[in-house]
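Q: Below are the structure tokens for one structure; questions will follow.
Any read-out appearing in this document is the output of simple, stated calculations on the displayed coordinates, not a laboratory observation. Since this is a predicted model, take the numbers as computed values, not measurements. Cβ placement follows ideal geometry from the backbone for every residue including glycine, while neighbour counts extend to all protein chains displayed.
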Amino acid sequence: MTKKPEAPIPDTKEKLTLYVTLMVSTTLCICVLAMVVAFLLGLWAKQVDNHEIFKMLSPAFSTLIGGMIGFLSGIKLMADEHKPHHKCKE
């Protein structure tokens with residue numbers, strides 16, 4: 001009887017990177033959708049001045065987007081550290 005080869009165990013660091021990336025992306029999507037809904041509700045609310053809602057939400061929107069993109073790019077850059085680099089043949 002021959003024994004079938006076992007499937008390789010997936011790299012834990014790659015799995016963790018994938019899960020964290022998915023969680024951050026999902027959180028970013030939910031936050032952006034909530035902010036867009038707040039923008040839209042603020043546009044049509046008679047009690048709220050449009051300039052005030054944009055003054056209030058614009059910096060938060062920019063900070064959230066910039067922070068999440070920086071976090072995701074940092075995760076992806078760190079994930080590539082353990083891969084060996086091939087030297088060019090000359």
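Q: How large, in Å, is the stretch 1-72 by the Kirkwood hydrodynamic radius built from its alpha-carbon pairs?
A: On the way: mean 1/r = 0.0647 Å⁻¹.
One decimal place: 15.4 Å for the Kirkwood radius.
Q: Show me, for the stretch 16-21, the HN-Hα J-couplings you get by feeding each phi into the Karplus relation (A = 6.51, B = -1.76, C = 1.60, θ = phi - 60°), rounded to Hz, glycine and proline as x.
A: Here the 3J(HN,Hα) series is 4, 4, 5, 4, 5, 4 Hz.
Q: If you don't mind, there's one more thing I want to ask. Counting other Cβ atoms within 10 Å, which GluC sites (Glu not before Pro) in the stretch 1-70 have at most 10 and lie in a DSSP loop?
A: Values: sites: Glu6, Glu14, Glu52; in loops: Glu6.
Counting only loop positions with at most 10 other Cβ atoms within 10 Å, the GluC sites (Glu not before Pro) in the stretch 1-70 are Glu6.
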